[in-house]
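The values are calculated or read from the model by the stated rules, or taken from the named source; none is laboratory data. What you see is a predicted model; the values in this text were computed from it and never measured. Every residue, glycine as well, gets a Cβ built from its backbone with ideal geometry; the counts of neighbours run over all protein chains shown.
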Amino acid sequence: MHVRSGIAVSPGVVTGPALVLGSENFRIPRKYVSRDAVDAELHRFHLALDDVCRDIHANEQLVSSQLGAQYGAIFAAHVQLARDPKLLLEIESLIRQQSHSPEYAVSRVLRKFAEQMQSLGDRYLSERALDIFDLEKRLLRQLLGESREELSNLTESVIILAHDLTPGETATLDTKYVLGFATEVGGHTSHTAILAGALEIPAVVGLGRCLAGFSGGETVILDGDHGQVVIDPDEITLSRVRVSQARNLRVTERLERLENLPAETQDGQRVELLGNIEFPEEVVHCTRRGADGVGLYRTEFLFLSGHREPTEVDHYEAYCRVLAACGQLPVVIRTLDIGADKVPSSMQHQFADSQNPMLGLRSIRLSLRNPPLFKTQLRAILRASVQGNVKVMFPLLSTLLEFRQAKMMLMDVMEDLEEEGIPFHRNLPIGMMVEVPSAVLLAEEFAREVDFFSIGTNDLIQYTLACDRSDPAVANLYRSGDPAILRLIQMVMKAAEKHQKKVTVCGQMSSDPRFIPLLLGLGLRSLSVTPHAIPRLKEVIRNVSITECERISRHACELDLARDVEHFLLGELSRLCPDLIS
Ligand code: PEP
Ligand code: MG
């Protein structure tokens, strides 16, 4: 039994067979071949091996002629490795005696061998292990050839274990078959993690390197509540999981009964609870749970889930679907937030040279540089604005000029629509995300020009504490409870209050029950959250009073370490909502 801990990013506990994705996202299913096909499969393996050795040999000759024999010798060593009699014997016996497919046998034997070398802690041997992974990849490429299957074409239930999944890959997961996923990299608010929440599949990220020895087919328990993955669990662990699944079900049923009750504190303060969505289909996850509308519609996922750039009609139809489901409830459409980790396949080339994409041409910067792209979306938003209660919001503003330019483009599009006689809502509210420290420092100036603020704590934490939100190596620094973040929120609240502008928090911080009393105490009355968190958050809101929240936030703001703030908030939450914590 192998137990690994990571970061819990989407709740739920599931059990199922592993589908391990190699670094090139090969599927390596644990397939069996029929007894009478064994000879043919062995032959197929040897053909693949010969092809791989021929390729490596060609590399050896090329490199030797261009750089000298000492460099070519590197490849000679690779051929030697590929022909290693002990490795070949192990692979052949898995095929012959256990009827495994060559793909599975190659992957299992080579990964086991590479992992043993890595575990010795010797730098030289660790580097040789990389050669073995490379050999595995080459062999799989030969064996699988064109039959490499797409993640979106699964036919049986699996738990995906991968080094990484891009937001684009995650967006196309078939939720009918993917019970959950775990990745070696990723952080609490990486977009892949956020998508797992959106798709409502349990997920754990940031496991660290641990998948090398697994090839797929192993039984896996994935615990998205506690961030744990157990591979090949024993019987006691499996029965413990069944108990916790039953308990989770009881909590969910209890919380579902709150759906039609208002999110109102004990002293009568109504709190607006909105949902964050990425796809139009998710809007039902919000309405079903009694959300007050959509507080953040991440429209860039229209790009990430398709293979071509969406047209104005694609945008328009997606927005209309959301609006139709929301009736008169507000829907905040955020304009494209492309770039960094959200790069559509059709735009890969544009970002290839960026050394630091998180600080590069992303989000509103990209939209302003690409007027046709931006205006296509703005036209669709404006046209849809007559179908419901639409607000538009610009992401990642770092200067006032960006806001003015974006607004000017919106006005231009309004003029065009007017000329064409196409109806739209001229006074639709125009807001901004506050997710860069410069926007907080200039919040007063922004407050004079925008209609509303939405604090994006996911990026605000990343840029304030200078730590990548997707990198588990700095997850200890990436904390919503950091005193610097609390102070920034206070600054936004002060500026907004002075100019009577509404503030919402739409980053993941507001989906975490621990932070609800703090945010209410800081004056927030509107939260936009992952839809599945709505019932839990409603329970917290209904258990607190504003007076109590103000006391909690005053005390939290006096603490000078994130760890102490979060510890204090957890203590307060367990006192206020003991049922939720247990
Ligand atoms: C944020 O940064 O907090 C936010 C809500 O936007 P995203 O997670 O899409 O970057
Ligand atoms: Mg953001």
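In region 451-469, the qualifying residues are those that are crowded, with 24+ Cβ neighbours inside 10 Å and either aromatic (Phe, Trp, Tyr) or assigned to a loop (DSSP other than H, G, I, E, B) (or both), and the one that is nearest to ligand 2 (Cβ to nearest atom) is GLY456. Assess whether ALA182 counts as being touching a Lys or Arg at 6+ places or on another chain (Cβ under 6 Å) and more than 16 Å from ligand 2 (Cβ to nearest atom). Spelling it out, it is not the case that ALA182 is touching a Lys or Arg at 6+ places or on another chain (Cβ under 6 Å) and more than 16 Å from ligand 2 (Cβ to nearest atom). Could you tell me whether THR170 is within 16 Å of ligand 1 (Cβ to nearest atom), part of a helix (DSSP H, G or I) and either under 27 Å from HIS226 (Cβ atoms) or not assigned by TED's automatic domain parsing to the domain that holds ASP225 (or both)? Considered against the rule, which asks whether it is within 16 Å of ligand 1 (Cβ to nearest atom), part of a helix (DSSP H, G or I) and either under 27 Å from HIS226 (Cβ atoms) or not assigned by TED's automatic domain parsing to the domain that holds ASP225 (or both), THR170 comes out as yes.
The single condition among (1) part of a helix (DSSP H, G or I); (2) modelled with pLDDT under 80 that LEU89 does not meet is (2). Among residues of region 294-311 that are under 24 Å from GLY275 (Cα atoms) and acidic (Asp, Glu), those with a beta-carbon under 7 Å from a residue that is part of a loop (DSSP other than H, G, I, E, B) and within 14 Å of ligand 1 (Cβ to nearest atom) at least six positions away or on a different chain give the pairs GLU300/LEU336; GLU300/ASP337; GLU300/ILE338.
All conditions in (1) within 16 Å of ligand 1 (Cβ to nearest atom); (2) surrounded by 21 or more Cβ atoms within 10 Å (Cβ to Cβ); (3) in contact (Cβ under 8 Å) with a residue 60 or more places away in the chain; (4) of a type in the set (A, V, I, L, M) hold for ILE364, with the sole exception of (3). Would you pick out the residues in region 276-300 that are assigned to a strand (DSSP E or B) and closer than 14 Å to GLY327 by Cβ? Within region 276-300, just VAL294 meets the criteria. Restricting attention to region 394-416, does a residue exist that is within 16 Å of ligand 1 (Cβ to nearest atom), more than 27 Å from ALA475 (Cβ to Cβ) and in contact (Cβ under 8 Å) with a residue 40 or more places away in the chain? Within region 394-416, one or more residues are within 16 Å of ligand 1 (Cβ to nearest atom), more than 27 Å from ALA475 (Cβ to Cβ) and in contact (Cβ under 8 Å) with a residue 40 or more places away in the chain. For ILE430, the criteria (1) more than 14 Å from ligand 1 (Cβ to nearest atom); (2) surrounded by fewer than 16 Cβ atoms within 10 Å (Cβ to Cβ); (3) under 23 Å from LEU488 (Cα atoms); (4) touching a residue at least 12 places away in the same chain (Cβ under 8 Å) hold in every case but one, which is (2). Return yes when ILE422 is part of a loop (DSSP other than H, G, I, E, B) and on the phi < 0 side of the Ramachandran plot and no when it is not. In short, yes. Would you confirm whether or not region 376-396 contains a residue that is within 16 Å of ligand 2 (Cβ to nearest atom), on the phi > 0 side of the Ramachandran plot and touching a Lys or Arg at 6+ places or on another chain (Cβ under 8 Å)? Yes - at least one qualifying residue is present in region 376-396.
If you go through region 482-527 and keep only what is closer than 16 Å to GLN462 by Cα and β-branched (Val, Ile, Thr), you end up with ILE485, ILE489, VAL505. Of the residues making up region 470-488, just one is away from ligand 2 (no atom under 15 Å from the Cβ) and buried (at least 23 other Cβ atoms within 10 Å of the Cβ), namely GLY481. Look at region 93-118: where a residue is assigned by TED's automatic domain parsing to the domain that holds ARG138 and a partner is of a type in the set (Lys, Arg) and buried (at least 18 other Cβ atoms within 10 Å of the Cβ), sitting 6+ places away or on another chain with Cβ atoms under 7 Å, you get LEU94/ARG108; PRO102/ARG44; TYR104/ARG30. Restricting attention to region 214-237, and to residues there that are polar (S, T, N, Q) and in a strand (DSSP E or B), which single residue is nearest to THR15 (Cα to Cα)? Filtering region 214-237 for residues that are polar (S, T, N, Q) and in a strand (DSSP E or B), the one nearest to THR15 (Cα to Cα) comes out as THR219. Considered as a group, the residues in region 338-361 that are in contact (Cβ under 8 Å) with a residue 60 or more places away in the chain and assigned to a loop (DSSP other than H, G, I, E, B) include one that is farthest from ILE455 (Cα to Cα), and that residue is PRO344.
Of all residues in region 2-43, those being farther than 30 Å from GLU200 by Cα, touching a Pro at 6+ places or on another chain (Cβ under 9 Å) and modelled with pLDDT of 90 or more number 2.
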